[in-house]
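Engineer: If you scroll down you'll find the structure; I have some questions about it.
The values are calculated or read from the model by the stated rules, or taken from the named source; none is laboratory data. All figures in this text were calculated on a predicted structure; none of them were measured in a lab. Cβ placement follows ideal geometry from the backbone for every residue including glycine, while neighbour counts extend to all protein chains displayed. Ligands, DNA and RNA are excluded from the accessible area calculation, which covers all protein heavy atoms including side chains. Shrake-Rupley method; radii C 1.70, N 1.55, O 1.52, S 1.80 Å.
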Amino acid sequence: MTTIDAIIADSALFKGLSPAQQARIRAIARTVDFDRGAPIFHEGEAGTGFYIVVQGTVKIFKTSAEGKEQILHIYGPGQPFGEVPVFAGQHYPANALAVEKSRLLFIARRDFIDLITAHPSLALNMLAVLSMRLRQFTVQVENLSLKEVPGRLASYLIYLAEEQDNPDSVRLPVSKGQLASLLGTIPETLSRIFNKMSAQGYIEVQGAEIVLRDHQALEELAETGRLVA
């Protein structure tokens, strides 16, 4: 199985489909490459299709009138993005940019609509993924509005452990500066919190790898949002 075939087979959008159905997806997908820092689409552009990451990392973000960037999502291999306009027929609601040199699969909206019209079962997986995305976004809004930064960081580390299927350590998919934007803070504040969490035995920071030392304490911190001074 080629890498692209494996990405399609393992993607949450298409997992569980028969090999024949996955082959139909492969037939309408094309690969596109983006250099590090290259824009993939801009907020307000017509949603002509959606993407799946094959290699690399992509960030989804919005920019305020003052130029402040708020990262909404970080996506890695196997993860789809930009899929909402496929159903809504609207514009992309945010910007997408390649954090590093990336290879993506692009599936045009018109081709995909034709495919799910002929094979409606394909739409069920996509609806499930969109429901999961809505839940994740709701949690993110709750974290940003109700929790202090330590609780946001603890919640994110727990989320990464589940996503990466590794309860002992996680690897940050982006720089700490970009992580600060994702968590709605500034790099200096995030560094102080990393240091304090390390000193108190929650975690151990080894560059981009974060060893999770005390799971119960992290879960409590994610719930309460506050570090003991």
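Engineer: Could we say that GLY67 is without any contact (Cβ under 8 Å) to a residue 40 or more places away in the chain and either open to solvent by 40 Å² or more (accessible area, probe 1.4 Å) or on the phi > 0 side of the Ramachandran plot (or both) here? Even if it seems obvious, please write down each step before you answer.
Structural biologist: Working: without any contact (Cβ under 8 Å) to a residue 40 or more places away in the chain: yes; either open to solvent by 40 Å² or more (accessible area, probe 1.4 Å) or on the phi > 0 side of the Ramachandran plot (or both): yes.
Criteria met by GLY67.
Engineer: Can you find a residue that is of a type in the set (Gly, Ala, Ser), loosely packed, with under 15 Cβ neighbours inside 10 Å and modelled with pLDDT under 90 anywhere in segment 86-101?
Structural biologist: Taking segment 86-101 first, the residues of a type in the set (Gly, Ala, Ser) are 88-89, 94, 96, 98.
Going one step further and asking which of them are loosely packed, with under 15 Cβ neighbours inside 10 Å, we end up with 88-89.
Now drop any that are not modelled with pLDDT under 90, which leaves 88-89.
Yes, segment 86-101 contains a residue that is of a type in the set (Gly, Ala, Ser), loosely packed, with under 15 Cβ neighbours inside 10 Å and modelled with pLDDT under 90.
Engineer: Take PHE14 and decide whether it is over 18 Å from SER175 (Cβ atoms) and aromatic (Phe, Trp, Tyr).
Structural biologist: Judged against the criteria, PHE14 is a match.
Engineer: OK, next. Going through segment 197-216 one residue at a time, which ones are over 15 Å from TYR159 (Cα atoms) and hydrophobic (A, V, I, L, M, F, W, C)?
Structural biologist: Residues satisfying the conditions are MET197, ALA199, VAL205, ALA208.
Engineer: Turning to a different aspect of this structure: Taking the stated definitions as given, is GLN55 surrounded by fewer than 19 Cβ atoms within 10 Å (Cβ to Cβ), under 17 Å from the mean Cα position of the chain (by Cα) and among the polar types (S, T, N, Q)?
Structural biologist: Yes; evaluated as a whole, the condition is true for this residue.
Engineer: Given ALA180, ALA217, ALA199, which one is within 22 Å of VAL99 (Cβ to Cβ), of a type in the set (A, V, I, L, M, F, W, C) and free of Cβ contacts under 8 Å to residues at least 60 places away in the same chain? If you could, list the steps in order and put the result at the bottom.
Structural biologist: Details: ALA217 fails: within 22 Å of VAL99 (Cβ to Cβ); ALA199 fails: within 22 Å of VAL99 (Cβ to Cβ).
From the options ALA180, ALA217, ALA199, the qualifying one is ALA180.
Engineer: Residues that are out of contact with any Cys (no Cβ under 8 Å at 6 or more places or on another chain) and closer than 22 Å to PHE61 by Cα: find the strands (runs of 3 or more DSSP E) completely inside segment 148-223 holding 1 or more of those. Walk me through how you get there before you give the answer.
Structural biologist: Values: elements: 169-171, 203-206, 209-212.
Because the criterion is at least 1 residues that are out of contact with any Cys (no Cβ under 8 Å at 6 or more places or on another chain) and closer than 22 Å to PHE61 by Cα, the strands (runs of 3 or more DSSP E) in segment 148-223 that meet it are 169-171.
Engineer: Let me ask something else. Do we have any residue at all in segment 160-176 that's surrounded by fewer than 18 Cβ atoms within 10 Å (Cβ to Cβ), among the charged types (D, E, K, R), within 16 Å of ILE71 (Cα to Cα) and modelled with pLDDT of 75 or more?
Structural biologist: Checked segment 160-176: at least one residue is surrounded by fewer than 18 Cβ atoms within 10 Å (Cβ to Cβ), among the charged types (D, E, K, R), within 16 Å of ILE71 (Cα to Cα) and modelled with pLDDT of 75 or more.
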